Amino acid sequence: MSLSAEETRCLQSARASEHRLATAFVEIARRHAEDAGISDMMLQLAAWSEGHVQALDEILGALGSLEITVHGRSETLHRALFRGAGSGPARLLHDVEDLSLLATRVRGLWTVLGQAAHARRDKEASARAARFGDQLDRQIAWLETQVKTIAAQALTVPPPVKRPRRLVPRKKSAPVLARVPTDAGR
């Protein structure tokens, strides 16, 4: 298999971006482990991206281009994402939005790789790009559904009010039975 230097760089970028996406899914799943539905699905989506990484490792290994030194848009995007503090629905919303941005970037790379494979009449590479692209479409659709679901709560439901701690200790009151009048005087 002979690819142009630019197509090889695009494969390397796809590999690095898929790895970042898989890692991000795992990190966000751990951060929001209290929501089993979200966490479990994110781990499944991470496994899909990790499968893409393994396939790309085989391709790049066959090309002798497994050394990945990718700098550029994917790296810049990843550094800008998943920042901030907080917890609860607002934090989950930001994390899911960031995952969606990263997944969309990876999807774009598979579109480019699919077009290159089609132009080279490489049916295997074209089918792989379509299959991986379809999985990314499913990842993105799930993330978009989560944004719609989470946004309603994150943006409209006020966070729970934290009550200040009492600085003055409460007086201990006498036990209830000790305060009950007795019939001893009858």
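Values quoted throughout were computed directly from the atomic coordinates according to the rules given, and no laboratory measurement underlies them. Please read all numbers here as calculations on a predicted model, not as lab measurements. Cβ sites come from the backbone with ideal geometry, for glycine too, and all protein chains shown count toward neighbours.
When only alpha-carbon atoms count, how far does region 18-154 stretch along each of its three principal axes, as whole angstroms with the largest first?
Taking max minus min along each principal axis of the Cα atoms, region 18-154 gives 48, 26, 22 Å.
Under a crude label model (7 Å from the Cα following the beta-carbon direction), how far is residue 157 from residue 112 in nanometres?
With each label point 7 Å from Cα toward Cβ, the separation is 4.0 nm.
Of the listed peptides 24-33, 9-18, what is their order by residue-averaged count of other C-beta atoms within 10 Å, with the highest listed first?
Taking the mean over residues of other Cβ atoms within 10 Å, the ranking is 9-18, 24-33.
Contact order normalised by length for region 18-154, with contacts defined as Cα pairs under 8 Å and 6 or more residues apart; what percent is it?
RCO, region 18-154: 24 percent.
Quick one: which of 39-52, 143-156 comes out on top by average Cβ neighbours within 10 Å, and what's the full order, highest first?
For the peptides 39-52, 143-156, the packing ranking is 39-52, 143-156.
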